[in-house]
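The values are calculated or read from the model by the stated rules, or taken from the named source; none is laboratory data. On a predicted model such as this, the values are computed, not experimentally measured, just so you know. Reconstructed Cβ throughout: ideal geometry from the backbone, glycine too, with neighbour counts over all protein chains shown.
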Amino acid sequence: MVSRREWLDPLQMAQSRAVSFKARDGLPLQGYLTVPRGSSGKQLPLVLLPHGGPYYVKDSWEFADEAQLLAAAGYAVLRVNFRGSDGYGRAFESAGAKAVGPGDAG
């Protein structure tokens, strides 16, 4: 296998795991939590890292440069597929209509 980033050692990367939780209005949300290597993930500062969009884009299980950089600096990083994210069906996408911004549910 050929690597485009030969300087990166996969064994030194922070671990990411899939997470799910409910928004304030009960809508189920899914995302990925990355914590520093060797950390339990507790008592860490958290960075919420939203993807672009809001439509036709989603976070997926893949190498995330920014999440790795922040985790290496000691932060937990949460990437959430918020309402309107792609790949969860029309109802989920529509749930984001006119509801993206400060103070909105989810």
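Looking across segment 47-67, the residues that are at pLDDT below 85 and among the acidic types (Asp, Glu) come down to Asp59, Glu62. The residues of segment 10-48 that are under 16 Å from the mean Cα position of the chain (by Cα), outside any strand (DSSP E or B) and exposed (fewer than 15 other Cβ atoms within 10 Å of the Cβ), listed by number, are Gly41, Pro45. Only a single criterion out of (1) assigned to a helix (DSSP H, G or I); (2) at pLDDT 90 or above; (3) over 13 Å from the mean Cα position of the chain (by Cα) is not satisfied by Leu70, namely (3).
Taken together, the residues in segment 73-106 that are in a loop (DSSP other than H, G, I, E, B) and either modelled with pLDDT under 90 or surrounded by 12 or more Cβ atoms within 10 Å (Cβ to Cβ) (or both) amount to 21.
Residues that are of a type in the set (Gly, Ala, Ser) and at pLDDT 85 or above: does segment 25-37 have at least one? Yes, the conditions are met somewhere in segment 25-37.
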